[in-house]
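Let me begin by presenting the structure, written as structure tokens, before commenting on it.
The values are calculated or read from the model by the stated rules, or taken from the named source; none is laboratory data. Here the structure is a predicted model, which means the values were calculated and not measured. Positions of Cβ are backbone-derived with ideal geometry, glycine not excepted, and every protein chain shown enters the neighbour counts. Only protein heavy atoms, including side chains, enter the accessible area calculation; ligands, DNA and RNA are left aside. Shrake-Rupley method; radii C 1.70, N 1.55, O 1.52, S 1.80 Å.
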Amino acid sequence: MPYIQIGFNLNTSYGNNLNIHKDISNYNMRLSSLNNLFHDDKPPLSWSQRLAILKDIAYALCHLHTRASQVVLHQDIKASNVLLNGNLQGFLGGFRMARFHDHGFTVSAAVGTIGYMAFEQMQIGASTRTDVYAFGAFMLEVTCGRRPFDPEMPVEKRHLVKWVCECWRNGSLVDAIDTKLGGKFIPGEVEMVLKLGLLCTNTLPDSRPDMTHVVAYINSHQTLSDFSPDTPGIGDSTLVLI
């Protein structure tokens, strides 16, 4: 199990207590945002680098959800809130919207970023399931090299979740992958990540995996259950405006 470092310079490993260090300014100055490396005119991240970052953030979010007496809801998972050190190790940052809550309950306030928010957040509030939705959108973003919602895209490609699902339905899931990868990726890994991203963004909250299962899937410790692009809740567009 790798050492996990979560935003706020919140450092922990499994079996240790959760320690949050409030003074992080000097530490964060040594980190760069994934958003800067990923969307600016810089050398593209390789597939292995992207997958490693996804695993880092999956571990971090799983810890927030499961390893403390109270659940920590992040509520704003996205590329600009993922920080990288010089070795491209991923750190989960951007905790301004984070909230503690008891296991099994929701937070009533609807906060987040367009494209990463589950529809039910406007109705019943945030929960671990809405964090999973945001992580699913983030997985698709990292793999496809574009934001979950891009109004400058053609209408059929504007909503990333819907576009990836349509590519799968047409038997061309590879068409959704970031072209900057230049075909240099392991097809089975990319397919698994894209399908896991769609599963996490299922519009039916109870059909989303929890982060414990997401960590198992993304590390190939468990195999994804069979589902299709026509499975209820898969690939539905749920743009939330707040």
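A few remarks follow.
- Set Thr231, Thr203: member being under 30 Å from Arg67 (Cβ atoms) and assigned to a loop (DSSP other than H, G, I, E, B): Thr203
- Pick from the stretch 113-129, criterion of a type outside the set (A, V, I, L, M, F, W, C) and part of a helix (DSSP H, G or I), ranking: farthest from Ser46 (Cα to Cα): Gln123
- Residues satisfying the stated conditions in the stretch 18-70, i.e. at pLDDT below 80 and among the acidic types (Asp, Glu): Asp23, Asp40, Asp41
- Qualifying positions in the stretch 204-242 - out of contact with any Lys or Arg (no Cβ under 7 Å at 6 or more places or on another chain), surrounded by 18 or more Cβ atoms within 10 Å (Cβ to Cβ) and at pLDDT 95 or above: Pro209, Met211, His213, Val214, Val215, Tyr217, Ile234
- Filter result for His65 (over 15 Å from Phe38 (Cβ atoms), open to solvent by less than 30 Å² (accessible area, probe 1.4 Å) and in contact with an Asp or Glu (Cβ under 6 Å, 6 or more places away or on another chain)): no
- Answer from Val161, Val193 - the residue that is under 28 Å from His101 (Cβ atoms) and aliphatic (A, V, I, L, M): Val161
- In the condition set (1) modelled with pLDDT of 95 or more; (2) under 28 Å from Gln49 (Cβ atoms); (3) out of contact with any helix residue (DSSP H, G or I) (no Cβ under 9 Å at 6 or more places or on another chain); (4) not aromatic (Phe, Trp, Tyr), Val161 is compliant with all but (3).
- Of all residues making up the stretch 130-156, the number that are open to solvent by 70 Å² or more (accessible area, probe 1.4 Å) and not in a loop (DSSP other than H, G, I, E, B): 2
- Criterion (of a type in the set (Phe, Trp, Tyr), under 21 Å from Ile234 (Cα atoms) and touching a residue at least 40 places away in the same chain (Cβ under 8 Å)) met by exactly one of Tyr59, Tyr116: Tyr116
- Test: residue in the stretch 168-186 that is within 25 Å of Gly94 (Cβ to Cβ), buried (at least 23 other Cβ atoms within 10 Å of the Cβ) and not hydrophobic (A, V, I, L, M, F, W, C): no
- The set of residues in the stretch 42-62 that are among the charged types (D, E, K, R), within 16 Å of Leu194 (Cα to Cα) and open to solvent by 10 Å² or more (accessible area, probe 1.4 Å) contains only Lys55.
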